[in-house]
Amino acid sequence: MLSRSSFTSLVVGVFAVYVVHTCWVMYGIVYTRPCPAAAGGSAGCVWPYLARRPKLQLSVYTTTRSNIGAESNVDLVLNVEDFDIESKFERTVNVSVPKKTRNNGTLYAYIFLHHAGILPWHDGKQVHIVSPLTTYMVPKPEEINLLTGESDTKQIEAEKQTNALDEPVSHWRSRLTLNVMVEDFVFDGSSLPADVHRYMKMVQLGKTVHYLPILFIDQLSNRVKDLMVINRSTTELPLTVSYDKISLGKLRFWIHMQDAVYSLQQFGFSEKDADEVKGIFVDTNLYFLALTFFVAAFHLLFDFLAFKNDISFWKKKRSMIGMSTKAVLWRCFSTVVIFLFLLDEQTSLLVLIPAGIGAVIELWKVKKALKMTIKWQGLRPKIQFGTYNDSEKKTEEYDTQAMKYLSYLLYPLCIGGAGYSLLNVKYKSWYSWLINSFVNGVYAFGFLFMLPQLFVNYKMKSVAHLPWKAFTYKAFNTFIDDIFAFIITMPTSHRLACFRDDVVFLVYLYQRWLYPVDKSRVNEYGESYEEKPKKKAHRE
């Protein structure tokens, strides 16, 4: 069996190998080896057609067909003559919505890049790409004032035209982001990158092979917040078409990221979960994004080490001396409430899964703190609680005293906040209001329930009974959460709670400095290094 230190070293070693491997993979994505014989004009190279500086035209058509072979049943919505691949632009056009699309159908956009003055169907060197302008999603549930029944008028009108709110309906994608790879890069024909190859169209010009302009649609910019429900009475909808040039390295990176998001959806991630991942890539600077990858990796490592040490601490704990039982109960209650709140808000799985694991661990810690044992009498469980010794009872007195003073402040604030939100905020249901009221109390005043543990530390003039290894890893993660609070979409109250935890950890660190470790005191495992016989007194 590996010792705890050896296991931790193994995990850190695997993590280091993972980071190095990730860096190597990322380097292989953004760097492409050019054709070594390009200087000699070798026939084995694939040359860029854009190096000839052709006059190009950009045309965007819409149709209800997924495949078109001629200029029939298509509508021209945007035509950019003398298209300059180096110039960025953004234009908003009105698109006619056919009756088939209004009846829960699909509408496609065909984007052509072709020679100026020639229709795309008559141009043998045109390139095109297809993108659906609609997607299917379940409409957001209606939110109402629970006392008056008032709701958003536009939302009611939209939902009246859908028979069932739990069935997907057509939503309009209001943005279309286009890119063209502008580098005059010469590829090696024997080792074309597989990611770019599927976007390339080759033509033979004389003795050399050229690749036509690489046209790319940035699907990562299609966010859920930009979607609009298509009503049956709507005949026109706005479409914002934006264009920007893109480098080869960024193009390859973006292709891999789009494939990764698609893979997440194939593994069961919802459209909303995939949208959270898209937001990380689209709304973040590329260099800051690279930093985010490393921060996320360290967050995962510290999460694992914190869970491991926390479980190890409570697994060996035989005494509640110096530990606030009420703080443990409150932490369990607040963690479960936060998990239910995030579940009700349909938050990203990136936030939801760790919250769920934390809730399970907190429930197990409550069982340990209350010394609960479950015995089965047939099919009926019988719960028994253990007894506390004199030292544990003294700790419980300090704990009860602290909670008494806190209740005078906490309960009126929570009840007042719940009443205010009931009068002024719209909710989907009474359950949603109840969960939101609980979680607002947890976020706004939850740190007050950590004060009983601080009070117990003050009375005992010791912090030796606390799980400092787990606290250390959680402290690192708390500061990492501060970074994620600005990157990942989450409720505002959850974002503010990340900064609240910073203050709490700083207070614990101050007590750590104020009360040095005394080996004559009981440690976190109920042991005293100088009074060995006392070990037996704390056995259950």
* Asked: Counting only residues that are in contact with a helix residue (DSSP H, G or I) (Cβ under 8 Å, 6 or more places away or on another chain), of a type in the set (A, V, I, L, M, F, W, C) and either open to solvent by 20 Å² or more (accessible area, probe 1.4 Å) or not assigned by the TED database to the domain that holds R232 (or both), how many does the range 59-118 have?
  -> 2
* Give the number of residues within the range 72-105 that are charged (D, E, K, R) and without any contact (Cβ under 8 Å) to a residue 40 or more places away in the chain. => 6
* If you go through the range 181-205 one residue at a time, how many are over 13 Å from I255 (Cα atoms) and in a strand (DSSP E or B)? -> 6
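Okay, residues lined up against (1) out of contact with any helix residue (DSSP H, G or I) (no Cβ under 6 Å at 6 or more places or on another chain); (2) at pLDDT below 75; (3) within 22 Å of S221 (Cβ to Cβ):
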site	(1), (2), (3)
Q258	no, no, yes
F267	yes, yes, no
I357	yes, no, no
I361	yes, no, no
* To do: Looking at (1) more than 24 Å from V30 (Cα to Cα); (2) surrounded by 14 or more Cβ atoms within 10 Å (Cβ to Cβ); (3) at pLDDT below 90, find the lone condition where A164 falls short.
  => (2)
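The values are calculated or read from the model by the stated rules, or taken from the named source; none is laboratory data. Quick caveat: nothing in here was measured; it's all calculated off a predicted structure. With ideal geometry, Cβ positions are generated from the backbone for all residues, glycine too; neighbour counts draw on all protein chains shown. Quick note on the areas: whole protein, heavy atoms, side chains included, nothing else; ligands and nucleic acids left out. Shrake-Rupley method; radii C 1.70, N 1.55, O 1.52, S 1.80 Å.
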